[in-house]
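**Student:** My structure is below; once you've seen it, I'll send some questions.
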Amino acid sequence: MQQVINALMLGSMYALIALGYTMIYGIIRFINFAHGDVFMVGAYIVFNVVTIFKFGFWGALLCAVLGTMLLGVVIERVAYKPLRNAPKISLLITAIGVSLFLENFVALPVVMGSMPKVVPSFIPISIYSLGNVKFSSAQVIILVTAVALMIFLGWFIRSTKLGRAMRAVSSDYAAVPLMGINVDNIISMAFAIGSALAGVGGLLYVIVYPEVDPFMGIMLGTKAFIAAVVGGIGNIYGAVAGAYLIAFLEVAMVAAGYSMWRDAAAFGLLIIVLLIKPSGLFGKFEKEKV
Amino acid sequence: MLELDSLFVRYGGITAVRGISVKIDDGDLAAIIGANGAGKSSTLNAIVGMVPVAEGKVFFDGQDVTRTPTHVKVRKGMVLVPEGRRIFPNLTVYENLQMAGYAVKDWKSELDFVFTLFPILNERFKQSAGTLSGGEQQMLAIARGIVAKPKVLLLDEPSLGLSPVLVQQIMGAIKQINQRGTTVLLVEQNAFAALRIASKAFVMELGEITLQGEPSQIAVNEHVRAAYLGA
């Protein structure tokens, strides 16, 4: 039971980041490889505001959300938008470039330095027990925040004007301007929302694992990316399902005493899913449009 | 209200539209007819800005809109119903109409007219648009055009792939839209159907306008009869 809670925590974090991958892919058919680093920047923002300004949960949340939102929009405008009509491979390489830039920029001695830093505790922790299962207020916060955001995102995409426009862009990108809609704004909004989710992911991460380092986004970003692909990239429910699936698999490996194998298991799952159902668990096969 | 001044469209080394000049007045139902590859769709796409204008100018309501982005033109009242319908298949019929009304104040006010023209769309309201038949999809595409409240509605091959009965219904609807006060520019391979409803006609061949005038005169022109009317 304790392991189930652990898996839920890990899965929630993967899910928040996987949602960003899948949203951006759904809209412009492109994997934003810098997404994991946006998560990392979110975690650093939290580190800074809680050490310097002694902010609590809400202050940290607000700063992480606004900061990563801005970062996501700037990355899109500066690095990706000029390549809107370029071959996809140029975009992909640019994304890797952005990723390396963010990691090494943060690692600069004058910025944050490359050494890991400990995040001081900034939310009151109390431990509850239910029968013989123990859980902390931090875990409750994480699960509630993640689930609330997922429900919000589902509602947003389904029922709001902007969400509908995002689905329209995803369905026929070129026809959207004919509706009097500026596609660039819709894409910026997708980056803003996706990045903000990664920022919240960063916040929740440092609540459970109170340490930041400039390269923390690589593995977590990769895992979240796998989750999005396993679930069927472009599908937000698939991303959530994939995230919890991978988290449960990893935690099960650890619980069974094979903790060295947890990453291998996650990547192995990806390979198996790609072999059996290349479009992912919830994905639909679609032909690449020419 | 819509004027093309020696418009050129080029794709790499190929010139698709060779300096055409067209003037459409308020209330016109103008038709550009011509064979496949004559440059009709390129002309429409260049007018709305889906493809760049290589040379020449586009004037709309007296303003030069040659380089205005597509979504801005739509907001100014120049709306294209594109070739191949381009409806959003994963959105419902209602959501497709909502998208068309995205930039329009009080977009629902046109729904009554849409449903008198195409009652079937009312029945299919909550259905996802991808499940509609070809004719219904064309109706939805035109309905989206109406909801956008255009001053000028551009239609690219609305009869493409439809049965003769449906072509008649679609053409009738276009006529009604025009009678309600919307200027229409229709591009058609189906010259017969287009000339029946048009108030002004242009014949396009190899990127140039070779003939223009009253539809009744164009319809009896021997060259046109031989080339497009199969007579």
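The values are calculated or read from the model by the stated rules, or taken from the named source; none is laboratory data. Quick caveat, the model's predicted, so the values are computed rather than measured. Ideal geometry is used to build each Cβ from the backbone, glycine not excepted, and the neighbour counts take in all protein chains shown.
**Student:** Looking at B:ILE47 and the list (1) part of a helix (DSSP H, G or I); (2) of a type in the set (A, V, I, L, M); (3) within 11 Å of another protein chain (Cβ to nearest Cβ); (4) within 16 Å of the chain's Cα centre (by Cα), which single condition is not satisfied?
**Tutor:** It fails just one condition, (3).
**Student:** Kindly provide the set of residues from segment B:24-42 that are surrounded by fewer than 18 Cβ atoms within 10 Å (Cβ to Cβ) and on the phi > 0 side of the Ramachandran plot, ordered by number.
**Tutor:** Those that are surrounded by fewer than 18 Cβ atoms within 10 Å (Cβ to Cβ) and on the phi > 0 side of the Ramachandran plot: B:GLY27, B:GLY37.
**Student:** Give me a count of the residues in segment A:178-191 that are without any contact (Cβ under 8 Å) to a residue 24 or more places away in the chain and either hydrophobic (A, V, I, L, M, F, W, C) or buried (at least 22 other Cβ atoms within 10 Å of the Cβ) (or both).
**Tutor:** Residues in segment A:178-191 being without any contact (Cβ under 8 Å) to a residue 24 or more places away in the chain and either hydrophobic (A, V, I, L, M, F, W, C) or buried (at least 22 other Cβ atoms within 10 Å of the Cβ) (or both): 5 in total.
**Student:** In addition: If a residue must be out of contact with any helix residue (DSSP H, G or I) (no Cβ under 7 Å at 6 or more places or on another chain), modelled with pLDDT of 95 or more and over 24 Å from A:TYR80 (Cα atoms), how many such residues does segment A:49-67 contain?
**Tutor:** Going through segment A:49-67 one residue at a time, the tally reaches 1.
**Student:** Please pick out the residue among B:ALA227, B:ALA193, B:ALA201 that is surrounded by fewer than 21 Cβ atoms within 10 Å (Cβ to Cβ) and more than 21 Å from B:GLY101 (Cβ to Cβ).
**Tutor:** Only one candidate passes the filter, namely B:ALA227.
**Student:** Taking the residues in segment B:204-223 that are among the β-branched types (Val, Ile, Thr) and crowded, with 21+ Cβ neighbours inside 10 Å as candidates, determine which candidate is nearest to the chain's Cα centre (by Cα).
**Tutor:** Of everything passing the filter in segment B:204-223, B:ILE209 is nearest to the chain's Cα centre (by Cα).
**Student:** Determine whether B:VAL81 is closer than 16 Å to B:GLN169 by Cβ, within 12 Å of chain A (Cβ to nearest Cβ) and within 17 Å of the chain's Cα centre (by Cα).
**Tutor:** Considered against the rule, which asks whether it is closer than 16 Å to B:GLN169 by Cβ, within 12 Å of chain A (Cβ to nearest Cβ) and within 17 Å of the chain's Cα centre (by Cα), B:VAL81 comes out as yes.
**Student:** I'd like the full set of residues that are facing another protein chain (nearest Cβ under 8 Å) and either among the polar types (S, T, N, Q) or in contact (Cβ under 8 Å) with a residue 60 or more places away in the chain (or both), limited to segment B:84-95.
**Tutor:** Residue satisfying the conditions is B:ASN90 alone.
To keep it simple, each residue is scored yes or no on (1) under 25 Å from A:ASN185 (Cβ atoms); (2) exposed (fewer than 14 other Cβ atoms within 10 Å of the Cβ).
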| site | (1), (2) |
| --- | --- |
| A:VAL50 | no, no |
| A:PHE55 | no, no |
| A:ALA64 | yes, no |
| A:TYR80 | yes, no |
| A:ASN85 | yes, yes |
| A:ILE89 | no, yes |
| A:LEU102 | yes, no |
| A:VAL119 | no, no |
| A:LEU130 | no, yes |
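**Student:** Separate question: State whether one or more residues within segment A:203-216 are crowded, with 24+ Cβ neighbours inside 10 Å, more than 24 Å from A:LEU66 (Cβ to Cβ) and touching a residue at least 40 places away in the same chain (Cβ under 8 Å).
**Tutor:** No, the conditions are met nowhere in segment A:203-216.
**Student:** Follow-up. Tell me the helices (runs of 4 or more DSSP H) entirely within segment A:29-112 that contain at least 2 residues that are in contact with a Ser or Thr (Cβ under 6 Å, 6 or more places away or on another chain).
**Tutor:** It comes to A:35-52, A:57-75.
**Student:** Looking at segment B:64-78, which of its residues are more than 8 Å from chain A (Cβ to nearest Cβ) and in contact (Cβ under 8 Å) with a residue 12 or more places away in the chain?
**Tutor:** Once the filter is applied, which keeps residues that are more than 8 Å from chain A (Cβ to nearest Cβ) and in contact (Cβ under 8 Å) with a residue 12 or more places away in the chain, segment B:64-78 yields B:VAL65, B:THR66, B:ARG67, B:THR68, B:LYS73, B:LYS76, B:GLY77, B:MET78.
**Student:** Does B:ARG86 satisfy the condition of being over 18 Å from the mean Cα position of the chain (by Cα) and either of a type in the set (D, E, K, R) or under 16 Å from B:LEU155 (Cβ atoms) (or both)?
**Tutor:** Spelling it out, it is not the case that B:ARG86 is over 18 Å from the mean Cα position of the chain (by Cα) and either of a type in the set (D, E, K, R) or under 16 Å from B:LEU155 (Cβ atoms) (or both).
**Student:** Among residues belonging to segment A:153-170 that are facing chain B (nearest Cβ under 7 Å) and within 21 Å of A:VAL240 (Cβ to Cβ), point out the one that is surrounded by the most Cβ atoms within 10 Å (Cβ to Cβ).
**Tutor:** So the residue we want is A:ARG164.
**Student:** What's the number of the only condition in (1) farther than 15 Å from A:ALA198 by Cα; (2) out of contact with any Leu (no Cβ under 8 Å at 6 or more places or on another chain); (3) touching a residue at least 60 places away in the same chain (Cβ under 8 Å) that A:LYS88 fails to meet?
**Tutor:** (3)
**Student:** Right, another one. Quick check on segment B:106-157: of everything there that is surrounded by fewer than 22 Cβ atoms within 10 Å (Cβ to Cβ) and basic (Lys, Arg), which residue is nearest to the other protein chains (Cβ to nearest Cβ)?
**Tutor:** B:LYS149
**Student:** From the list A:TYR21, A:TYR44, which residue is in contact with a strand residue (DSSP E or B) (Cβ under 7 Å, 6 or more places away or on another chain) and not hydrophobic (A, V, I, L, M, F, W, C)?
**Tutor:** Just a single option satisfies the conditions, and that option is A:TYR44.
**Student:** Answer yes or no: is there a residue in segment B:11-25 that is within 24 Å of A:ASP172 (Cα to Cα) and either in a loop (DSSP other than H, G, I, E, B) or more than 8 Å from chain A (Cβ to nearest Cβ) (or both).
**Tutor:** Yes, segment B:11-25 has at least one match.
**Student:** Right, something else. Within segment B:88-95, is there a residue that is under 20 Å from A:TYR173 (Cβ atoms), in a strand (DSSP E or B) and not hydroxyl-bearing (Ser, Thr, Tyr)?
**Tutor:** No, there is no match, as no residue in segment B:88-95 is under 20 Å from A:TYR173 (Cβ atoms), in a strand (DSSP E or B) and not hydroxyl-bearing (Ser, Thr, Tyr).
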